[in-house]
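Notes to accompany the following structure.
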Amino acid sequence: MKFSNKDRKEHLFHYNENNEFTHDGIMNIRAHMGLPALCTVKALPTYAMETEKCYFINDEWVKTELFIGRNYWDENAKEMFIKSFPESMPEHYSLTKPPKPKKGFAVRLVNDKWKQLEDHRGKIAFAKDRDNDEKGNYQVEELGVIPNTHTLLEPEQFDSWNIELDVWQYDEARYRPYWAQTEKQWQQELLTKVEAELLFYAQDKQIPEIYSELRKTNYTEDEYYSLLGDRILLNEYVEQDDFPECGRPTLSGLI
C-alpha cells in the first residue's frame, strides 16, 4: 500500500470484527500513515437502515436484510436468529412474524405466505366405508383437511355412514351377522349342557336304586322328556328361515 507524503482528510467507513458497518466520519490521516484497522474509504451503498445492514466482504460492501441478530421464522413458524454473515438459511423462511394459530389450526409457510392449516395430528380418522380395507382407519400425522373418505366422528359398533345426512347411523344389516353369531353361540352352549344332562341321565338309569346316591342327576321321567324337547327346540332354532328374528325358543328351564 502506498502512503501519502502529505497529511490528508479521508471519509472513513468503519466496521466491527463481524465486518458489519458501525459508523462513518471524516478523519485526519498523517503523512506516511495508513488507514486505521477495520475501516475503508469505499463508500457505503444506499440501504434501508431499519431492515438492512452492510458488511465489508472481500473488499466490497454487501448490503443484506439477513444481518446478524435478526430474527426470522422457518416454514414451521419456529423463530430463529441469524448468528453470522453470511449464514446458510433454510430453503423456506420468512422475515415476517407469523400470526397466532387459531384453535384447532397450525400456522405454516406455504408459497411464501403464512397459512392456517387444520391440525388434527394424533387423532383417529375413521373410514366412512367400513367394509373397504384399503380405506381403513388411520392416525392423522400431517396437517391439513381430512379427506372426504374419512371423518373424525367415531362410529358405534353397528353404525354405517349416511351420505345424505353426513353422519353415522345405526345399521340393522351390520348388526344382524353379529346377532346371528351371538345366538348361535348361545344355542351351542345350551345344547352342549342339555346333551350332557341327557347323557348323565342315561348313565344314572344303569345305577341300581340301592346306589342312588352315586347318580349325578335326579330328574324325573317327565323332566327327562322335557330335556329331550329342549334339544329338539334348540336344534330347530338355528335352522329357522327367519333365524334369528324368530326369537329364542321357550325351554323347560331345567338347565
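What about Thr46, is it exposed (fewer than 13 other Cβ atoms within 10 Å of the Cβ) and hydroxyl-bearing (Ser, Thr, Tyr)? I'd like the intermediate steps shown before the answer.
Working: exposed (fewer than 13 other Cβ atoms within 10 Å of the Cβ): yes; hydroxyl-bearing (Ser, Thr, Tyr): yes.
Yes.
For the structure I just gave you, tell me whether Leu153 is in a loop (DSSP other than H, G, I, E, B), outside the structural domain of Ser94 (by TED's automatic domain parsing) and either at pLDDT 95 or above or hydroxyl-bearing (Ser, Thr, Tyr) (or both).
Values: in a loop (DSSP other than H, G, I, E, B): yes; outside the structural domain of Ser94 (by TED's automatic domain parsing): yes; either at pLDDT 95 or above or hydroxyl-bearing (Ser, Thr, Tyr) (or both): yes.
Yes.
Residue by residue, here is whether (1) in a loop (DSSP other than H, G, I, E, B); (2) under 27 Å from Tyr178 (Cβ atoms); (3) of a type in the set (A, V, I, L, M, F, W, C); (4) outside the structural domain of Glu183 (by TED's automatic domain parsing) holds:
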| position | (1), (2), (3), (4) |
| --- | --- |
| Ile207 | yes, no, yes, no |
| Thr217 | yes, no, no, no |
| Tyr225 | no, no, no, no |
| Gly229 | no, no, no, no |
| Pro244 | yes, yes, no, yes |
| Leu251 | yes, yes, yes, yes |
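Quick check on my filter: what residues within region 77-134 are under 30 Å from Gln157 (Cα atoms) and among the β-branched types (Val, Ile, Thr)?
Ile124
Determine whether region 145-162 contains at least one residue that is among the charged types (D, E, K, R), more than 18 Å from Asn132 (Cα to Cα) and without any contact (Cβ under 8 Å) to a residue 60 or more places away in the chain.
Of all residues in region 145-162, those among the charged types (D, E, K, R) come to 154, 156, 159.
Cutting the leftovers down to more than 18 Å from Asn132 (Cα to Cα) gives us none.
No: region 145-162 contains no residue that is among the charged types (D, E, K, R), more than 18 Å from Asn132 (Cα to Cα) and without any contact (Cβ under 8 Å) to a residue 60 or more places away in the chain.
In region 8-37, which residue that is within 26 Å of Asn71 (Cα to Cα) and either in contact with a His (Cβ under 6 Å, 6 or more places away or on another chain) or among the basic types (Lys, Arg) (or both) is surrounded by the most Cβ atoms within 10 Å (Cβ to Cβ)?
By that ranking, first place goes to His14.
Lys63 is checked against (1) within 26 Å of the chain's Cα centre (by Cα); (2) among the basic types (Lys, Arg); (3) closer than 17 Å to Asn18 by Cβ and fails just one. What number does that condition carry?
For Lys63, the failing item is (1).
Can you tell which of Tyr72, Tyr55 is in contact (Cβ under 8 Å) with a residue 40 or more places away in the chain and not hydrophobic (A, V, I, L, M, F, W, C)? Can you show your working first?
Details: Tyr72 fails: in contact (Cβ under 8 Å) with a residue 40 or more places away in the chain.
Of the residues listed, the single one that is in contact (Cβ under 8 Å) with a residue 40 or more places away in the chain and not hydrophobic (A, V, I, L, M, F, W, C) is Tyr55.
Can you give me the number of residues within region 75-110 that are within 25 Å of Val62 (Cβ to Cβ), surrounded by 14 or more Cβ atoms within 10 Å (Cβ to Cβ) and either basic (Lys, Arg) or in the same structural domain as Glu142 (by TED's automatic domain parsing) (or both)?
Within region 75-110, residues that are within 25 Å of Val62 (Cβ to Cβ), surrounded by 14 or more Cβ atoms within 10 Å (Cβ to Cβ) and either basic (Lys, Arg) or in the same structural domain as Glu142 (by TED's automatic domain parsing) (or both) number 0.
On the given criteria, is Ala125 at pLDDT 95 or above and out of contact with any strand residue (DSSP E or B) (no Cβ under 9 Å at 6 or more places or on another chain)?
Working: at pLDDT 95 or above: yes; out of contact with any strand residue (DSSP E or B) (no Cβ under 9 Å at 6 or more places or on another chain): no.
The answer is no for Ala125.
Return the residues of region 188-202 that are without any contact (Cβ under 8 Å) to a residue 60 or more places away in the chain and of a type outside the set (Ser, Thr, Tyr); say none if nothing qualifies.
Step one: filter region 188-202 for residues without any contact (Cβ under 8 Å) to a residue 60 or more places away in the chain, giving 188-189, 191-192, 195-202.
Within region 188-202, Gln188, Glu189, Leu191, Glu195, Ala196, Glu197, Leu198, Leu199, Phe200, Ala202 qualify.
Of all strands (runs of 3 or more DSSP E) completely enclosed by region 1-83, which ones contain at least 1 residues that are farther than 30 Å from Lys97 by Cα? Talk me through it step by step, then tell me what you get.
Working: elements: 8-15, 21-29, 53-57, 60-64, 71-74, 79-81.
Once the strands (runs of 3 or more DSSP E) in region 1-83 are filtered for at least 1 residues that are farther than 30 Å from Lys97 by Cα, what remains is 8-15, 21-29, 60-64.
Among the residues of region 54-91, which ones are touching an Asp or Glu at 6+ places or on another chain (Cβ under 6 Å) and more than 20 Å from Asp112 (Cα to Cα)?
Tyr55, Lys63
The values are calculated or read from the model by the stated rules, or taken from the named source; none is laboratory data. As the structure is a computational prediction, the values presented were derived from the model and not from experiment. Cβ atoms come from the backbone with ideal geometry, glycine included; neighbour counts cover every protein chain shown.
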